[in-house]
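Everything on this sheet refers to the single structure shown next.
The values are calculated or read from the model by the stated rules, or taken from the named source; none is laboratory data. All values reported here derive from a predicted model rather than from experimental measurement. Positions of Cβ are generated from backbone atoms using ideal geometry, with glycine treated the same way; all protein chains shown enter the neighbour counts.
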Amino acid sequence: MSGYVKWKLDDPQKLQKRLLELERTLPDELERALRREAETVVKLASSRIPEEQKALRTGWEIGSIQRKGETMSIEIRHSSPEATRLEYGSGPDGSLQQGRFMLALALAELERDWPNRLEQSLSALLMVK
């Protein structure tokens, strides 16, 4: 299915100025957006921790943003080994149990919603002030 888009450019100089400004501020904006996404993942993962282990809902840590070339990454971890056992499904004695995959499911949910979130973020960035 094809669609048509009508785009009207009222002030080309204003757009050019905004794009130059974005070129300067985009790295910082991307870092803020990545940190917000990490905070969303932590909230989603925490909400999946069972009530009987609700003490584990705190203890999540968001690391600093790492850059390698054009790639940016951020580490999300939990300070308790019990959270790892709950995530992947091993008991304290090494026995196997059903994993909850709180963090994995939170990341999958974020990835599923990513196109909409990205569109909203880009629209906000491109809005001429």
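Here are a few things to note about the model shown:
- Odd one out for Ala83 among (1) of a type in the set (A, V, I, L, M, F, W, C); (2) in a helix (DSSP H, G or I); (3) within 11 Å of the chain's Cα centre (by Cα); (4) at pLDDT 90 or above: (3)
- Selection of segment 71-84 for residues being farther than 17 Å from Glu37 by Cα, surrounded by fewer than 17 Cβ atoms within 10 Å (Cβ to Cβ) and in contact with a Gly (Cβ under 8 Å, 6 or more places away or on another chain) yields Ser79, Ser80.
- Test: residue in segment 22-38 that is loosely packed, with under 13 Cβ neighbours inside 10 Å, of a type in the set (Ser, Thr, Tyr) and in contact with a Phe, Trp or Tyr (Cβ under 9 Å, 6 or more places away or on another chain): no
- Once segment 93-126 is narrowed to residues that are of a type outside the set (A, V, I, L, M, F, W, C) and under 14 Å from Gln53 (Cα atoms), the residue that is surrounded by the fewest Cβ atoms within 10 Å (Cβ to Cβ) is Gly99.
- Of Leu118, Leu107, all but one fail to be among the hydrophobic types (A, V, I, L, M, F, W, C) and in contact (Cβ under 8 Å) with a residue 40 or more places away in the chain; the exception is Leu107.
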